[in-house]
Amino acid sequence: MKIVLAGINSKYIHSSLGVWYLHSAAKSSETYHSIEVYESTINNHIDDIVADIYNLSPDVVGFSCYIWNIEYVKKVTECLKKINPDIKIFFGGPEASFDAENLLKITDVDCIIIGEGEQAFINLLKSNFTAAEKVISAPVTDYFNPYSEEYFDALKGRIVYLETSRGCPFHCAFCLSGRDENVRFFDMDISKQNILKLANCGTQTVKFVDRTFNCNDKRAREIFEFIYMQRQLGNIPEDVVFHCEVEADLFTQETLDYLKTMPKGLFQFEAGLQSFNSQTLKAVDRRHNIERLVHNLREIAQMKNIHLHIDLIAGLPYEDYASFAKGFDLAFDIGAEVIQLGFLKLLNGSPLASEKEKHGYKHWSYAPYQVISNNYIGYDDLLKLKLAEDAVERIYNSNRFPNTLKYVLEKTDMSPYSLFFGMGEYCEKIGLQSPSLDTYTATMLEYFGELPNVDKAQLRDKMAVDRIITDRTGKLYHCLHIADERMKYVRIALNNIDMGIFENQREKAKQGKIGFAILYTYGAEQVILADYTQQDKVTAQYPHKILPLEMFMPEAE
């Protein structure tokens, strides 16, 4: 029997861990079936995926189902069944586990695995897929290592995912991870072996998918120490980063002090704030010490060696528009590199979904079940938050405009949220949709330049600095370009005179690896210069200096 395990990912850069767990479980069961893993993305045409799977000549196809692919998987399943009614199809994954009965009614799926799937899949193999039950499950007691030779052959440099534990000690009402509060830790020696394998497979990102990586501070510290030691020994490439989802208030001060010693860019942390509203946090059973959480997040942000990503969720109970905007400003003040302004999805099986009538939730009936209103916030206000989110992504999370943003906030005395919303609202007003970076920059210059106390010439210079220090082309956006014949003297000086600005300055300049622009409002006229042979692993900025323009003029030779 030919079995195809299909992982339909959200993007090519992602890989599907679930199907490889099943592949490993099957291999361990010494099955005589032929088992092959197939991966694609939701960005490919359904017809192409159907054809790909059909050409593999499967007797059985299993799909790993999530909110980002379930609608897609249902369509692929319908097509496969029409082409070959005898093909057997099973679903697994969180979107199948918590909506099994409904999926059996509306699709031609033959059976659904709920919960952890490895042992249940082994049982299906042993039954030759003749099990009488439509919904099956089985407890998992063994660890099935998914990192086979076939896995690495298929990876091709994509992001890799690693579990060192399963389960979550918390049971937040909007999430599925904490339905079983028991956390099961995998063998530490095996986890360490996998860390080294994954770090050396050609990827640049190893993403821990432990739901709360540091729920055991001592264990997390041991992994941090192992990674750092192996990096020091040269066993982990310097361009590999490890991404962890953390609960920041669980860090001890000892661990925080240790993290301060880590090299830049070795770790990325993603931390859920979700809300600053105490009534909201209580309603969703979000159990953390908010003061300690903010203190620890701010301490991590100030280290400047760990890229910090924090999350807020719009649409939670008791959180209205004004409360969310206030919370955003508090989050902004932490100083993280990324603030994700997310929108609540009412997930099947989540405790909050069972209370939707209590809170008056309305949401889309199809995945990802986006909330459109509740008793506390309406659709109009959520649309306003969408406008702010777009500006946050383009201006703040892109890390392209750090000096511009700081300047405008200082000059206008606006709150961060009001500034981002104002920019988003302005773009909607002028009908700006999916703009290029150059067009969006011009719109920023136009909108910010009309705000109270903002000097447009100073604004241009701040934006010019940001462009030079974040984009290695060294070319200014069209809207920032000022024709100035003295630019040629700067270029001549950089190419021909050893001015000691950067190491090997002349060679770098001749190779086009130094960017520069003239600034007109930094006191006397200045030149911003950036070295594109290096890049900060946290801020993504290039080393730079601002020097007097007169240094580059012929008279100064």
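The values are calculated or read from the model by the stated rules, or taken from the named source; none is laboratory data. Being a predicted model, the structure only gives us computed values, none of them experimental. Positions of Cβ are generated from backbone atoms using ideal geometry, with glycine treated the same way; all protein chains shown enter the neighbour counts. The protein model used for the area step is the full one, side chains on, heavy atoms only, and it has no ligands, DNA or RNA in it. Shrake-Rupley method; radii C 1.70, N 1.55, O 1.52, S 1.80 Å.
Per-structure values
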quantity: Matching residues in the range 216-254 - criterion: being more than 23 Å from ILE190 (Cβ to Cβ) and not charged (D, E, K, R); calculated: ALA248, LEU250, PHE251, THR252, GLN253
quantity: Qualifying residues in the range 333-366 (those that are out of contact with any strand residue (DSSP E or B) (no Cβ under 8 Å at 6 or more places or on another chain) and aliphatic (A, V, I, L, M)) - the one nearest to SER323 (Cα to Cα); calculated: LEU352
quantity: Any hit, the range 76-97, residues being part of a loop (DSSP other than H, G, I, E, B), farther than 20 Å from PRO58 by Cα and in contact with a Phe, Trp or Tyr (Cβ under 7 Å, 6 or more places away or on another chain); calculated: yes
quantity: Qualifying positions in the range 98-126 - of a type in the set (A, V, I, L, M, F, W, C), touching a strand residue (DSSP E or B) at 6+ places or on another chain (Cβ under 9 Å) and part of a loop (DSSP other than H, G, I, E, B); calculated: VAL109, ILE114
quantity: Among (1) within 36 Å of the chain's Cα centre (by Cα); (2) farther than 30 Å from PHE267 by Cβ; (3) open to solvent by less than 80 Å² (accessible area, probe 1.4 Å); (4) not small (Gly, Ala, Ser) - the single one GLN511 does not satisfy; calculated: (3)
quantity: Criterion: under 30 Å from GLU425 (Cβ atoms), of a type outside the set (Phe, Trp, Tyr) and crowded, with 16+ Cβ neighbours inside 10 Å - qualifying residue of ALA464, ALA493; calculated: ALA464
quantity: Helices (runs of 4 or more DSSP H) wholly inside the range 301-412 that include at least 1 residues being open to solvent by 20 Å² or more (accessible area, probe 1.4 Å), out of contact with any Leu (no Cβ under 8 Å at 6 or more places or on another chain) and farther than 24 Å from LEU432 by Cα; calculated: 321-332, 356-359, 402-412
quantity: Options ILE501, ILE528, ILE518, ILE546; residue that is more than 26 Å from PRO435 (Cα to Cα) and in contact with an Asp or Glu (Cβ under 6 Å, 6 or more places away or on another chain); calculated: ILE518
quantity: Any hit, the range 433-442, residues being in contact with a Lys or Arg (Cβ under 9 Å, 6 or more places away or on another chain), surrounded by 20 or more Cβ atoms within 10 Å (Cβ to Cβ), more than 19 Å from VAL408 (Cβ to Cβ) and modelled with pLDDT of 95 or more; calculated: no
quantity: Single residue of the range 467-490 satisfying the filter (in contact with a helix residue (DSSP H, G or I) (Cβ under 6 Å, 6 or more places away or on another chain) and among the aliphatic types (A, V, I, L, M)) that is most open to solvent (accessible area, probe 1.4 Å); calculated: LEU476
quantity: Test result for GLU291, under 23 Å from LYS406 (Cα atoms) and in a helix (DSSP H, G or I); calculated: no
quantity: Test: residue in the range 71-93 that is touching a strand residue (DSSP E or B) at 6+ places or on another chain (Cβ under 8 Å), among the hydrophobic types (A, V, I, L, M, F, W, C) and at positive phi; calculated: no
quantity: Scan of the range 40-63 for residues that are of a type outside the set (A, V, I, L, M), surrounded by fewer than 20 Cβ atoms within 10 Å (Cβ to Cβ) and farther than 18 Å from PRO85 by Cα, ordered by number; calculated: THR41, ASN43, ASN44, HIS45, ASP48
quantity: Scan of the range 113-136 for residues that are in contact with an Asp or Glu (Cβ under 9 Å, 6 or more places away or on another chain) and either open to solvent by less than 30 Å² (accessible area, probe 1.4 Å) or over 20 Å from TRP20 (Cβ atoms) (or both), ordered by number; calculated: GLU118, PHE129, LYS134, VAL135
quantity: Residue within the range 488-503 that is at pLDDT 95 or above and within 19 Å of ASN403 (Cα to Cα) present; calculated: no
quantity: Answer residue from the range 152-182, given it is open to solvent by 60 Å² or more (accessible area, probe 1.4 Å) and in contact with a His (Cβ under 8 Å, 6 or more places away or on another chain) and is modelled with the highest pLDDT among those; calculated: ARG179
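Listed here are the residues, each with its yes/no results for (1) over 20 Å from GLU150 (Cα atoms); (2) modelled with pLDDT of 95 or more; (3) assigned to a helix (DSSP H, G or I); (4) not small (Gly, Ala, Ser).
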{"site": "ILE8", "(1), (2), (3), (4)": "no, yes, no, yes"}
{"site": "ILE13", "(1), (2), (3), (4)": "no, no, no, yes"}
{"site": "LEU22", "(1), (2), (3), (4)": "no, yes, yes, yes"}
{"site": "LYS27", "(1), (2), (3), (4)": "no, no, yes, yes"}
{"site": "VAL37", "(1), (2), (3), (4)": "no, yes, no, yes"}
{"site": "TYR54", "(1), (2), (3), (4)": "yes, yes, yes, yes"}
{"site": "GLY62", "(1), (2), (3), (4)": "no, yes, no, no"}
